[in-house]
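Colleague: I'd like to ask you about the structure that follows.
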Amino acid sequence: MSSRARLSEDEITAALAALPEWTREGDSIARTAETPSFPAAIRVVAAVAEQAESLDHHPDIDIRWRTLRFVLSTHSAGGLTGLDFTLAARIDEALGAESTG
């Protein structure tokens, strides 16, 4: 699901069902996660940066000590696309890898 075509409401609902940690915020999806430490948070951000570069799709990231907030939207499409959900799944993987060490 890496298309840059804007998704329908039904497609967005279905995609969000597969990503329970993510919530809809208008034309974006967002997730906040806490990591074990500040260095762990930075490792997650570095892993996400690599994925974002490979997809040529970059999230908004807010770092507050151990807490990370990611916001995804495809501005060029004016809303959510498959690319947002692909990157969201990869962010979940990066967070999972860091929490298991």
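Colleague: Out of everything in region 65-89 that is outside any loop (DSSP other than H, G, I, E, B) and polar (S, T, N, Q), what residue ends up being surrounded by the most Cβ atoms within 10 Å (Cβ to Cβ)?
Modeller: THR81
Colleague: Can I ask one more? Out of the residues in region 6-23 that are without any contact (Cβ under 8 Å) to a residue 24 or more places away in the chain and not in a helix (DSSP H, G or I), state the one that is surrounded by the fewest Cβ atoms within 10 Å (Cβ to Cβ).
Modeller: That would be PRO20.
Colleague: Also, quick follow-up: Quick check on my filter: what residues within region 25-42 are touching a residue at least 40 places away in the same chain (Cβ under 8 Å) and loosely packed, with under 15 Cβ neighbours inside 10 Å?
Modeller: Correct list: GLU25, PRO36.
Colleague: Moving to a separate point now. Quick one: how many residues across region 3-22 are among the charged types (D, E, K, R) and over 17 Å from LEU83 (Cβ atoms)?
Modeller: 3
Colleague: I would also like to ask the following. From the residues in region 43-64 that are more than 11 Å from the chain's Cα centre (by Cα) and in contact (Cβ under 8 Å) with a residue 24 or more places away in the chain, which one is surrounded by the most Cβ atoms within 10 Å (Cβ to Cβ)?
Modeller: Step by step, filter region 43-64, then rank; the result is VAL44.
Just so you know, all these numbers are worked out from the coordinates, no wet-lab data involved. Small disclaimer: the values here were computed from a predicted structure and weren't measured. Cβ atoms come from the backbone with ideal geometry, glycine included; neighbour counts cover every protein chain shown.
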